[in-house]
Amino acid sequence: MSKTYYSPTHEYITVDGNVGYIGISDYAQHALGNVVYVDMPEEGDEIEAGEDFGAVESVKAASDLIAPVSGEVLEANEKLADNPRLINEDAMANWIIKVELSDLSQLDSLMDEEAYKAHCEAEK
Amino acid sequence: MEDLKKTCLHERHVALGAQMSPFGGFDMPIQYKGIIEEHNAVREACGVFDVSHMGEVFVTGPQAEKFVNYIFTNDVAGLPDGGILYGMMMNHDGGVVDDLLVYKRGENNFLLVINASNIDKDVDWIKLQSASFDVTVENVSENYGELAVQGPEAESVMEEILGIHCKDLVFYTFLESEYDGQHMIVSRTGYTGEDGFEIYADHDTIVRLWDILMESGKAVPCGLGCRDTLRFEVGLPLYGDELADDITPVEACLSMFVKLDKPEFIGRDVVARQKAEGAPRKLVGLEILDRAIARHGCEVLNDKDEVIGYVTTGYRGISVDKSIAAALIATPYAVKDSELKVRVRRKTFPARVTAKKFYKKSYKK
């Protein structure tokens with residue numbers, strides 16, 4: 001049974017057991033506009049909660065991707081290398097990296113969908 | 001944080017749902033629907049930009065022509081009334097104070113159109129230099145709004161939708177007329193690489209013209225986001241990126257707009273020397289051989305991984321489907337097809353030196 005969490009910097013992580021799929025939220029893709037490039041880490045790279053692990057670039061600017069949790073990259077979504085626009089089409093379905101979480105308790109500091117909606121509302 | 005200025009169209013932008021952002025001290029629209037859509041509208045049909053943030057300065061008086069020629073790199077002697085020249089003002093070290101358009105309204109009567117971000121600096125500079133000339137320098141930036149109507153359909157939009165007679169205007173000329181009794185300046189100029197016009201008028205007139213365009217649906221509202229991608233693809237410089245107080249016209253490859261054969265002007269010696277001996281740096285185009293985008297400030301490296309320059313502007317092209325950049329690099333490396341590298345965050349990517357015009361201009365001359 002998977003559950004989705006959100007960070008204040010608009011990344012999401014959908015977790016099933018100790019495996020998670022990290023991407024950017026629909027709110028974030030909308031705010032960025034046309035995504036033209038996704039800078040992703042490689043399989044085997046370590047990511048650390050709160051640190052950047054890549055970037056999503058719109059025409060105008062690059063936005064760092066901040067890791068919501070720590071762990072090891074199991075896979076980068078290669079579909080995004082050729083077609084970064086998939087993030088605009090469906091940000092939730094098109095995750096950026098698949099990770100093995102090293103500390104499940106880090107999820108406790110993230111928001112559930114309801115709290116995240118309120119967070120976005122407050123940012124507007 | 002300083003208070004941002006607002007143009008006369010600010011409320012219109014907000015009502016259209018534009019993404020607003022600070023630019024040159026103003027709260028400006030970056031995009032309405034999306035940069036790519038707006039960019040393509042200008043390349044293929046017609047877009048309208050609020051460029052009311054631009055500064056306007058009148059220089060008049062018995063020595064106006066002599067004075068403009070002293071502070072400006074291009075040569076206004078012999079420019080007919082209604083003619084426009086692009087050029088720069090240099091400081092004494094040959095660095096660029098600003099790049100600007102000079103409109104000749106009559107004998108010893110000029111309009112200087114300057115960048116929003118430089119209005120205060122430029123006006124101070126111009127006034128300082130004018131001390132020993134019999135001229136009047138008047139900053140009228142706050143009295144004027146400005147629209148840029150750009151694209152292959154710009155002429156018909158101007159004529160048919162706005163009822164502004166302009167089809168006989170030649171590229172880089174202007175006319176002065178009235179719109180409902182209000183003074184208006186219309187020039188065949190722009191910053192997109194496409195045919196187009198710029199209209200200067202009082203705030204109320206600018207708002208009225210904007211409203212007519214919006215109602216017609218014949219001109220897509222365009223933000224500064226696509227203004228930057230459009231100008232960049234055709235190799236036009238932006239002050240703050242390709243031009244700065246410490247970048248000379250020779251380094252920026254703009255020496256064709258510096259007329260060394262006219263009487264003494266500020267910065268002349270530096271340009272003359274650099275043209276003869278070469279400048280230490282040169283602005284080039286780069287094609288990044290990857291999808292990665294090298295943006296302003298990214299380092300450019302040689303094959304020994306030594307930093308030899310930096311990127312001034314970079315994008316995933318819109319009319320050109322490549323990752324492209326302009327970069328100011330050490331002159332020995334500024335050779336077409338030479339293989340360099342750019343550093344983007346933690347990684348480096350191969351890049352090839354190219355011309356800095358990535359897309360062909362379609363001016364109507």
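The values are calculated or read from the model by the stated rules, or taken from the named source; none is laboratory data. It should be emphasised that the depicted structure is a prediction, and the values quoted were computed from it without experimental measurement. Note that we place each Cβ from the backbone using ideal geometry, even for glycine, and neighbour counts take in every protein chain shown. When the accessible area is computed, the model is the full protein with side chains, heavy atoms only, and any ligands, DNA or RNA have been set aside. Shrake-Rupley method; radii C 1.70, N 1.55, O 1.52, S 1.80 Å.
Checking the cross-link pairs B:LYS66/B:LYS364; A:LYS124/B:LYS33; B:LYS275/B:LYS341; B:LYS304/B:LYS341; B:LYS66/B:LYS127 against a 21 Å limit on the alpha carbon distance flags B:LYS66/B:LYS364; B:LYS275/B:LYS341 as lying beyond it.
Rounded, prolate or oblate: pick one for chain A, where a ≥ b ≥ c are the square roots of the eigenvalues of its C-alpha gyration tensor, a/c under 1.5 means rounded, and failing that, prolate if a/b is larger than b/c, else oblate. Here chain A falls in the oblate category. Between the beta carbons of B:ASP321 and A:SER2, assuming R0 = 45 Å, the FRET efficiency works out to 0.75 to the nearest 0.05.
Tell me, what % of the accessible area of the stretch B:120-251 is carbon and sulfur with a 1.4 angstrom probe? For the stretch B:120-251, the apolar C and S fraction of the accessible surface comes to 47 percent.
Among the GluC sites (Glu not before Pro) in the stretch B:234-331, those placed in a DSSP loop whose Cβ has at most 14 other Cβ atoms within 10 Å are B:GLU264, B:GLU306. As a fraction of the 1.4 Å probe accessible area of the stretch B:280-354, surface on carbon and sulfur atoms comes out at 51 percent. In this structure, the amide hydrogen of B:TYR179, modeled 1.01 Å from its nitrogen in the peptide plane, lies closer than 5 angstrom to those of B:MET184, counting only residues at least 5 positions away or on a different chain.
With protein chains left intact and a 1.4 Å probe, residues in the stretch B:74-199 average 37 Å² of accessible area per residue. In a DSSP loop and with at most 14 other Cβ atoms within 10 Å, the GluC sites (Glu not before Pro) in the stretch A:1-49 are A:GLU42, A:GLU43, A:GLU48.
What average count of beta carbons from other chains do you get within 10 Å of the Cβ of residues in A:52-59? Don't jump to the answer; show the numbers that get you there.
Details: counts 2, 0, 2, 4, 0, 8, 7, 14.
Whole-number average of other-chain Cβ neighbours for A:52-59 is 5.
Model label sites at A:LYS79 and B:SER216, defined 7 Å from Cα along the beta-carbon direction, differ in position by 4.4 nm. Burial here means at least 10 square angstrom less accessible surface with every protein chain in place than with the chain by itself, probed at 1.4 Å; in the stretch B:290-321 the buried residues are B:ARG291, B:ALA292, B:ILE293, B:ARG295, B:TYR315, B:ARG316. If a/c stays under 1.5 just call it rounded; otherwise compare a/b with b/c (prolate if a/b is bigger, oblate if not). Do that for the stretch B:100-256, with a ≥ b ≥ c from the square roots of the Cα gyration tensor eigenvalues. It comes out oblate by the Cα gyration axes.
I want to verify the translational diffusion coefficient of the protein assembly as shown in µm²/s; compute it with Stokes-Einstein, Rh as the Kirkwood radius over Cα pairs, at 37 °C and 0.692 mPa s. All intermediate terms of the calculation are to be shown ahead of the outcome.
Values: Rh = 24.5 Å.
Diffusion coefficient, whole number: 134 µm²/s.
For B:SER156, the shell of other residues with beta-carbons less than 10 Å away shows a net charge of -2, using +1 for Lys and Arg and -1 for Asp and Glu. Beta bridges assigned by DSSP with both partners in the stretch B:228-365 are antiparallel in approximately 95 percent of cases. Amide hydrogen proximity for B:ILE308: with H placed 1.01 Å from N in the peptide plane, the residues at 5 or more positions away or on another chain lying under 5 Å are B:VAL300, B:LEU301, B:ASN302. Report the accessible area of A:GLU51, computed with a 1.4 Å probe over the heavy atoms of all protein chains in place, in Å² rounded to the nearest 10. Probe radius 1.4 Å; accessible area of A:GLU51 about 100 Å².
Rounded, prolate or oblate: which fits the stretch B:76-168, taking a ≥ b ≥ c as square roots of the Cα gyration tensor eigenvalues, rounded meaning a/c under 1.5, else prolate when a/b beats b/c?
Working: a/c = 2.17, a/b = 1.83, b/c = 1.18.
Here the stretch B:76-168 falls in the prolate category.
A crude spin-label estimate for the pair B:SER132 and A:LYS124, with each label 7 Å from Cα along the Cβ direction, gives 6.2 nm.
If r is the Cβ-Cβ distance from B:ASP303 to B:GLU264 and R0 is 45 Å, what FRET efficiency results, to the nearest 0.05? Provide the component values of the computation, followed by the final result.
Working: r = 44 Å, r/R0 = 0.97.
After rounding to 0.05, the efficiency reads 0.55.
Mind checking the stretch B:110-179 for trypsin sites (Lys or Arg not before Pro) that DSSP puts in a loop (not H, G, I, E or B) and that have at most 15 other Cβ atoms within 10 Å? Answer in residue order: B:LYS167. Rounded to the nearest whole Hz, the Karplus-based 3J(HN,Hα) values (6.51 cos²θ - 1.76 cosθ + 1.60, θ = phi - 60°) of the stretch B:321-335 follow the sequence 8, 8, 8, 10, 8, 10, 9, 9, 10, 4, 3, x, 8, 7, 10, with x at glycine and proline. Across the stretch A:99-107, rounded Karplus estimates of 3J(HN,Hα) from the backbone phi angles (6.51 cos²θ - 1.76 cosθ + 1.60, θ = phi - 60°) give 10, 9, 6, 9, 8, 4, 5, 5, 5 Hz, Gly and Pro being marked x. Counting Lys and Arg as +1 and Asp and Glu as -1, what is the net charge of the other residues whose Cβ lies under 12 Å from the Cβ of B:ASP337? Here the charged neighbours net out to 0.
Considering only beta bridges that DSSP places wholly inside chain B, some 95 percent are antiparallel. Normalised Debye scattering of chain B at q = 0.08 Å⁻¹ gives log10 I(q)/I(0) of -0.40, counting only Cα atoms as equal scatterers and leaving out solvent.
In this structure the stretch B:2-43 gives 49 Å² per residue of accessible area when probed at 1.4 Å with all protein chains present. Annotation for the B:A interface, with buried accessible surface near 1600 Å², both sides summed [1.4 Å probe; non-protein components not counted].
Averaged over its residues, chain A has an accessible area of 49 Å² per residue, based on protein heavy atoms and a 1.4 Å probe. For B:PHE23, the amide hydrogen comes within under 5 Å of the amide hydrogens of B:MET28, counting only partners 5 or more places away or on other chains and with H modelled in the peptide plane.
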